[in-house]
Ligand code: DON
């Protein structure tokens, strides 16, 4: 028999079926995605995973990578060294805004592209490829399985990444990036092209919900002090220029990606992941936002 949670999730999926929005067009490989794909997964901190739709369909993680890479940079370098390069202030701007603080030159936060490229550069390693390999393995520890690069998404994005290339070079000009900006750009684009399923994302979110311990492997992946920082930045900056709307209506730390995924974290309880490629004007999954609002209201998950 289906559990009450499973029955509930199946019932809201049918009701929250917004067909609004368009798939991301600026990365050719994403523009070709089937806009009507859909999946929902809920992973509890004790490792139970509920799914609806095609929760084992893989897609590129895109910006949902950003909190996890920031977590690795913090683990490698500590708060102070990371804080010298990237701030924790909401920008109120689009994810790809070319913006740095006028006094320090720091990107406003590690969730916008400028800050995320900076965080990638702060991962320890001898080369961009070495740093990327560490990032890929690190994400796998949150997901509870080894993850791979989607080569075609990587190739598609690196050959059209004019805006991110401009951001990386600007960061180098202000000495926020210290090495070769092309190497860091390549590392960041690879990070965004790591292939995940909705089920993986729910477990990655549940690891954050569980204070940094992966619910199925039992491994401590991230120190609790860094979990607190990552969730704070997700709560204030994870949904970009709709972060205020999101925290008011859903009330959970979250992160979206342009391939159509959203994760949300209910500390101490569960991680959620939704996948639906049609995006709203902020670059967040339109149906994903609708479903998270609904679940938060029905299950009283708003943290405030
Ligand atoms: O850097 C980019 O533009 C993409 N690789 C990721 C952007 C993204 O996912 C924004 N989120 N909604």
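A few points about this structure:
- Of all the residues in the stretch 187-209, those that are assigned to a helix (DSSP H, G or I) and under 18 Å from residue 257 (Cα atoms) number 16.
- Pairs, first within 18 Å of residue 139 (Cα to Cα) in the stretch 37-64, second part of a helix (DSSP H, G or I) and within 16 Å of the ligand (Cβ to nearest atom), C-beta under 6 Å, six or more apart: 41/198; 55/198; 60/153; 62/192
- For first residues located in the stretch 89-104 and free of Cβ contacts under 8 Å to residues at least 24 places away in the same chain, partners that are surrounded by fewer than 18 Cβ atoms within 10 Å (Cβ to Cβ) and assigned to a loop (DSSP other than H, G, I, E, B) and lie 6+ apart or on another chain with Cβ distances below 6 Å form the pairs 99/93.
- For the stretch 217-230, the set of residues classified as in contact (Cβ under 8 Å) with a residue 12 or more places away in the chain and in contact with a strand residue (DSSP E or B) (Cβ under 6 Å, 6 or more places away or on another chain) is empty.
- Filter pass, residue 137 being at pLDDT 95 or above, within 24 Å of residue 75 (Cα to Cα), surrounded by fewer than 14 Cβ atoms within 10 Å (Cβ to Cβ) and away from the ligand (no atom under 14 Å from the Cβ): yes
- The stretch 160-182, subset within 13 Å of the ligand (Cβ to nearest atom) and without any contact (Cβ under 8 Å) to a residue 60 or more places away in the chain, residue surrounded by the fewest Cβ atoms within 10 Å (Cβ to Cβ): 162
- Residue 195 at pLDDT below 95 and within 16 Å of the ligand (Cβ to nearest atom): no
The values are calculated or read from the model by the stated rules, or taken from the named source; none is laboratory data. Source: prediction; values computed, not measured. All Cβ positions, glycine included, derive from the backbone under ideal geometry; neighbour counts span all protein chains shown.
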